[in-house]
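**Student:** A single structure is presented below for examination.
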């Protein structure tokens, strides 16, 4: 037998109102309506007139709907200690995940999920008092729903090979020379930024593109990757964007093989997606890429490639990449 509770309907409230006007007791009303006595008692107590001891079905329905709406808009955080900790750490550049993971170490007995922190930041009650969105790494004005763009419903990549057919050993990141590529676009300008990352070392190349086109991306990739030894140019993994349609020409120049994420599965090239998130700290959304210089991009590239990474046992991407270059097969 299902124990799932179903809210009272407007028709049931009409019947309750009639029976109560006839002087029926809550237990009698419950038997006629087919509800538990406590449900009827709670309904009469909650939704009767706040001044007169009168139960009107249409007013009761309005109060029930309004109460349910308010329940969905309740404050995200009620603990002032946790709230103060969040407000203090966010301007320091801490992400909600870092705050959620650290709070129990600094304030024993207190905990919160990163999801609750995001809900607190974007809740309209919070926004009326303070705007914490600029403290987030991505700085979205609205919290984006989970999902993916539907711009490319039909695959249009010539000779496309799925990532599912990519050799399994590439996933283990034990062999150098496997890359992931993507682009960053801006609504403020036609130019875009191309990013390519080596999966083992996490070393990135960042290039300014005059436009987000296949030709521009092909020229940038071949120019940057051709500088590396042949054993450091094995595969490149892309998404299904139209800027990647000239991958066969790239392969012909570099001697690489191409693989493509499944549609709407950009997370399958998660390393370059993460790198773009780091680059966005320097070039946030709404940045006009037309005024960004190659020297600025080179500076960002050097900062990322010389920063120690936990995933690399605190070596830098440059150090790991140069070690791989030295290991000539």
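The values are calculated or read from the model by the stated rules, or taken from the named source; none is laboratory data. Note that the structure is predicted; figures quoted are calculated from it, not measured. Here the Cβ positions follow ideal geometry from the backbone for every residue, glycine too, while neighbour counts run over all protein chains shown.
**Student:** From (1) outside any loop (DSSP other than H, G, I, E, B); (2) modelled with pLDDT under 95, pick out the condition that doesn't hold for residue 174.
**Tutor:** Here residue 174 meets the rest and fails (1).
**Student:** Further, regarding this structure: Considering only residues of region 300-323 that are touching a strand residue (DSSP E or B) at 6+ places or on another chain (Cβ under 8 Å) and more than 26 Å from residue 284 (Cα to Cα), which is surrounded by the fewest Cβ atoms within 10 Å (Cβ to Cβ)? Steps first, please.
**Tutor:** Looking only at region 300-323, we keep the residues that are touching a strand residue (DSSP E or B) at 6+ places or on another chain (Cβ under 8 Å), and these are 300-301, 304-305, 308-309, 315-317, 321.
Subsequent filtering for residues that are more than 26 Å from residue 284 (Cα to Cα) retains 315, 321.
Values: 315: 16, 321: 21.
Filtering first and then ranking leaves 315.
**Student:** Would you call residue 13 in a helix (DSSP H, G or I), at pLDDT below 90, surrounded by fewer than 16 Cβ atoms within 10 Å (Cβ to Cβ) and out of contact with any strand residue (DSSP E or B) (no Cβ under 8 Å at 6 or more places or on another chain)? It would help to see each step written out before you state the result.
**Tutor:** Details: in a helix (DSSP H, G or I): yes; at pLDDT below 90: yes; surrounded by fewer than 16 Cβ atoms within 10 Å (Cβ to Cβ): no; out of contact with any strand residue (DSSP E or B) (no Cβ under 8 Å at 6 or more places or on another chain): yes.
The answer is no for residue 13.
**Student:** Within region 207-216, identify whether any single residue is crowded, with 23+ Cβ neighbours inside 10 Å, in contact with a strand residue (DSSP E or B) (Cβ under 9 Å, 6 or more places away or on another chain) and not in a helix (DSSP H, G or I), and answer yes or no. Lay out the reasoning, then the answer.
**Tutor:** Here is the first cut: in region 207-216, the ones crowded, with 23+ Cβ neighbours inside 10 Å are none.
Checked against the condition, which is being crowded, with 23+ Cβ neighbours inside 10 Å, in contact with a strand residue (DSSP E or B) (Cβ under 9 Å, 6 or more places away or on another chain) and not in a helix (DSSP H, G or I), region 207-216 yields no hits at all.
**Student:** Let me ask you something else. Which numbered condition in (1) surrounded by fewer than 16 Cβ atoms within 10 Å (Cβ to Cβ); (2) more than 14 Å from residue 197 (Cα to Cα); (3) at pLDDT 95 or above is the only one that residue 297 fails?
**Tutor:** (1)
**Student:** Looking at residue 58 and the list (1) touching a helix residue (DSSP H, G or I) at 6+ places or on another chain (Cβ under 7 Å); (2) assigned to a helix (DSSP H, G or I); (3) at pLDDT below 90, which single condition is not satisfied?
**Tutor:** (1)
**Student:** Across region 245-264, which residue is surrounded by the fewest Cβ atoms within 10 Å (Cβ to Cβ) among those that are in contact with a helix residue (DSSP H, G or I) (Cβ under 7 Å, 6 or more places away or on another chain) and farther than 17 Å from residue 164 by Cβ?
**Tutor:** The initial filter retains those residues of region 245-264 that are in contact with a helix residue (DSSP H, G or I) (Cβ under 7 Å, 6 or more places away or on another chain), namely 245-246, 249-250, 253-262.
This time we only want the ones that are farther than 17 Å from residue 164 by Cβ, so: 245-246, 249-250, 253-256.
Working: 245: 19, 246: 20, 249: 15, 250: 24, 253: 16, 254: 18, 255: 13, 256: 21.
If we take residues in region 245-264 being in contact with a helix residue (DSSP H, G or I) (Cβ under 7 Å, 6 or more places away or on another chain) and farther than 17 Å from residue 164 by Cβ, then 255 is surrounded by the fewest Cβ atoms within 10 Å (Cβ to Cβ).
**Student:** Out of the helices (runs of 4 or more DSSP H) lying entirely within region 81-132, which hold 1 or more residues that are in contact with a helix residue (DSSP H, G or I) (Cβ under 7 Å, 6 or more places away or on another chain) and closer than 20 Å to residue 280 by Cα? It would help to see each step written out before you state the result.
**Tutor:** On the way: elements: 96-106, 114-122, 124-129.
Per the criteria, 96-106, 114-122.
**Student:** Is one or more of the residues making up region 227-241 touching a strand residue (DSSP E or B) at 6+ places or on another chain (Cβ under 8 Å), surrounded by fewer than 16 Cβ atoms within 10 Å (Cβ to Cβ) and touching a residue at least 12 places away in the same chain (Cβ under 8 Å)?
**Tutor:** No: zero hits.
**Student:** Could I ask something else about it? How about region 277-290: which of its residues are surrounded by fewer than 19 Cβ atoms within 10 Å (Cβ to Cβ) and assigned to a helix (DSSP H, G or I)? Before you say what the answer is, go through the steps one by one.
**Tutor:** So the first thing to find is which residues in region 277-290 are surrounded by fewer than 19 Cβ atoms within 10 Å (Cβ to Cβ), and the list is 277-278, 280-282, 284-288, 290.
Residues satisfying the conditions are 277, 278, 280, 281, 282, 290.
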